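Asker: The structure under discussion is supplied below as structure tokens; questions concerning it will follow.
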Amino acid sequence: MATAELVLGLLSAGPAHGYDVKRGHDAWFPDSRPLAFGQVYTTLGRLERDGLVEVVDKTSGGGPDRTVYAITAKGRDHLTDWLNDPVPPAWGSADEVLRKLVAAIRTGGDAEGFLARQRASHLRRIRELRESPADDDPTSPLVREYIVAHLDADLRWLDSALDRIAEQRGTRS
């Protein structure tokens with residue numbers, strides 16, 4: 001995941017604390033895993049080290065230090081380059097599904113059972129996404145449609161793999 005670039009994108013709207021960056025990320029991707037605070041601050045530290053963001057304010061009231069970060073010109077150039085660069089096709093999360101399936105087959109595990117459980121998990125997630133209430137964010141439907149399309153493609157592959165394994169075992173026609 002391009003966490004650094006997403007942080008730059010969030011900061012492109014104006015300076016922010018790490019907490020605000022985390023909240024912004026989670027608002028942009030409400031159907032994804034929330035961004036961990038540790039990851040936010042680690043990423044901001046790397047971006048600062050690389051000159052892509054800078055500290056514009058630091059306060060230490062009664063609680064922890066509050067550092068405000070802003071994107072630099074170099075950071076804006078990096079963000080623009082990233083946004084203009086097409087994403088190469090990747091394995092994504094299917095990689096772990098494939099690894100588990102191969103391991104199940106090679107170790108004599110229940111490959112068909114694994115595929116059936118994975119299929120049920122995908123169907124559950126698709127149902128959750130489709131039943132999510134609409135909000136005012138114009139990007140939410142795009143994100144959900146993208147996730148559903150990929151889950152649907154995974155389902156087709158899971159069905160194909162299940163058919164192939166069953167044929168090899170002679171349990172399906």
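Asker: I'd like the full set of residues that are in a helix (DSSP H, G or I), modelled with pLDDT of 85 or more and open to solvent by 100 Å² or more (accessible area, probe 1.4 Å), limited to segment 129-173.
Answerer: Across segment 129-173, the qualifying residues are 130, 131, 142, 145, 146, 156, 157, 164, 167, 168.
Asker: Here's a follow-up. Among the listed residues 102, 55, 40, which satisfies the condition of being within 27 Å of residue 125 (Cβ to Cβ), of a type in the set (A, V, I, L, M) and free of Cβ contacts under 8 Å to residues at least 24 places away in the same chain?
Answerer: The conditions single out 102.
Asker: Now for a separate question. Looking at this structure, is residue 107 open to solvent by 80 Å² or more (accessible area, probe 1.4 Å) and either of a type in the set (S, T, N, Q) or touching a strand residue (DSSP E or B) at 6+ places or on another chain (Cβ under 6 Å) (or both)?
Answerer: Judged against the criteria, residue 107 is a match.
Asker: Hey, any hits in segment 132-146 for a residue that's over 22 Å from residue 29 (Cβ atoms) and out of contact with any Gly (no Cβ under 7 Å at 6 or more places or on another chain)?
Answerer: No: zero hits.
The values are calculated or read from the model by the stated rules, or taken from the named source; none is laboratory data. Not measured: the values here are computed from a predicted model. Methodologically, a virtual Cβ is constructed for each residue, glycine included, from the backbone with ideal geometry; neighbour enumeration extends over all protein chains shown. With ligands, DNA and RNA removed, areas are computed over all heavy atoms of the protein, side chains included. Shrake-Rupley method; radii C 1.70, N 1.55, O 1.52, S 1.80 Å.
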